[in-house]
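Before any comments, here is the structure.
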Amino acid sequence: MKVEANGHQIIELFEQFSPKNLAMEGDPGGLQIGRLNQKVKKVMTALDVLEEVVDEAVKEGVNLIIAHHPIIYRPLKTIQTDVSSGRIIAKLIQHDIAVYVAHTNLDVADGGVNDWLAQQLKLTNTKVLVPTTEDRLKKLIVFSPESHAEQVRKAMTEAGAGQAGDYSHCSFTSTGTGRFMPAEGSDPYIGSVNELEEVKETRIETILFESIEKEVIQAMLKAHPYEEVAYDVFEESRKGPKLGLGRVGTLDKKMTLNEFADFAKIQFNVPALRYVGDPAASIQKVAVLGGTGNKYMKAAKFSGADVYVTGDVDYHTAHDAAALGLCIVDPGHNIEKVMKNGTAEEMKRRCEEKGYDVEFVASSIHTDPFSFK
């Protein structure tokens with residue numbers, strides 16, 4: 001049986017996948033327009049929140065838009081409703097449509113934009129191109145009465161705890177006796193005030209990544225019956241995964257640069273692209289980074305990539321890459337549109353696991369400002 005969900009619950013699930021703390025410094029994100037304390041029946045994913053996209057959302061009966069590019073990038077000084085930027089905000093407020101933005105955190109996230117781009121290129125053995133953070137591994141230990149142990153364990157693992165490589169829901173339990181004396185003013189779930197109590201308790205141990213620590217603990221506390229919950233969090237000696245921008249991987253077979261450019265054009269569904277390098281150059285190791293990737297060109301070269309796939313490449317960066325012997329393929333910034341279906345599918349799966357009655361749709365509006373002839 002499916003249950004209704006509000007915006008807070010939807011975004012809580014989204015942030016387990018793409019935590020805000022993964023965003024680059026100064027990058028605006030999170031809720032930018034509207035409110036989350038409302039029932040959400042339909043969510044739209046969009047690369048850009050243009051006026052046409054908002055009109056589409058209104059027509060579709062959408063309650064929440066999850067966008068990649070911020071609708072408010074710099075602080076607003078005015079909101080003039082006789083121009084497009086002001087009309088967008090006015091329409092969103094008028095129709096009670098919230099806009100939540102996940103920009104560079106969705107780029108960095110494991111399974112996010114850059115992984116979707118790598119998948120489009122059918123790359124294997126992918127690694128992070130530009131590490132930006134390490135998601136530290138921690139251990140959470142909590143004590144629960146035996147009657148609620150399964151409920152507490154389930155809450156933690158559903159919030160994302162217990163992930164170990166290709167395994168999920170990992171935990172360990174042992175039983176023992178808990179002792180406590182409720183003091184005056186307490187409201188004990190078990191026992192009486194000023195009387196020493198002994199209770200059969202279960203010790204639950206699991207692991208979690210630092211990026212979701214807050215969400216896991218909140219879920220655990222919500223599921224736990226005690227007024228005061230005994231738990232500990234320790235940093236693990238094992239290192240967590242390195243997260244960051246871009247990916248580097250290999251093609252199943254070598255191509256010439258000319259062949260790879262044709263392949264990328266098809267895979268990203270773009271009418272044209274630019275490339276730098278000898279058309280006959282051999283390509284097998286590929287670096288890809290969504291958005292504007294000029295500043296990471298040398299990282300692509302040092303990764304050993306034969307070609308660097310990114311958007312908005314400028315004239316001087318192209319010359320520098322050529323001088324270094326690095327090929328470049330620039331299919332444009334708009335290839336990040338992969339996030340529309342990628343986010344919709346990921347969130348649909350997560351909401352189905354929670355039993356939420358919510359529909360996800362990807363915006364059908366083409367938002368690339370460039371045309372080719």
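The values are calculated or read from the model by the stated rules, or taken from the named source; none is laboratory data. Keep in mind that what you see is a predicted model, and the values were worked out from it rather than measured. Methodologically, a virtual Cβ is constructed for each residue, glycine included, from the backbone with ideal geometry; neighbour enumeration extends over all protein chains shown. For the accessible areas, the whole protein counts, side chains as well, though only heavy atoms, and no ligand, DNA or RNA atoms are used. Shrake-Rupley method; radii C 1.70, N 1.55, O 1.52, S 1.80 Å.
Kindly indicate whether any position in the stretch 12-21 is within 27 Å of residue 354 (Cα to Cα), in contact with a Ser or Thr (Cβ under 6 Å, 6 or more places away or on another chain) and either aromatic (Phe, Trp, Tyr) or surrounded by 19 or more Cβ atoms within 10 Å (Cβ to Cβ) (or both). Yes, that holds for at least one residue.
Among the residues of the stretch 327-373, those that are assigned to a loop (DSSP other than H, G, I, E, B), within 23 Å of residue 52 (Cβ to Cβ) and open to solvent by 30 Å² or more (accessible area, probe 1.4 Å) comprise 364, 365, 366, 368, 369, 370, 371, 372, 373. Residue-level analysis places residue 107 outside the set of residues that are surrounded by 15 or more Cβ atoms within 10 Å (Cβ to Cβ), out of contact with any Gly (no Cβ under 8 Å at 6 or more places or on another chain), closer than 30 Å to residue 301 by Cα and modelled with pLDDT of 95 or more. Could you list, in sequence order, the residues of the stretch 28-47 that are in a loop (DSSP other than H, G, I, E, B), open to solvent by less than 30 Å² (accessible area, probe 1.4 Å) and not polar (S, T, N, Q)? 28, 36, 47, listed by residue number. Kindly establish whether residue 233 is in a strand (DSSP E or B) and either modelled with pLDDT of 95 or more or open to solvent by 60 Å² or more (accessible area, probe 1.4 Å) (or both). Criteria met by residue 233. Scan the stretch 148-200 for residues that are surrounded by 13 or more Cβ atoms within 10 Å (Cβ to Cβ), in a loop (DSSP other than H, G, I, E, B) and of a type in the set (S, T, N, Q) and the total you get is 3. Whether any residue in the stretch 5-21 is polar (S, T, N, Q), assigned to a strand (DSSP E or B), within 30 Å of residue 162 (Cβ to Cβ) and in contact (Cβ under 8 Å) with a residue 24 or more places away in the chain is what I want to check. Yes. Only a single item in (1) under 27 Å from the mean Cα position of the chain (by Cα); (2) within 22 Å of residue 68 (Cα to Cα) is not met by residue 370, and it is number (1).
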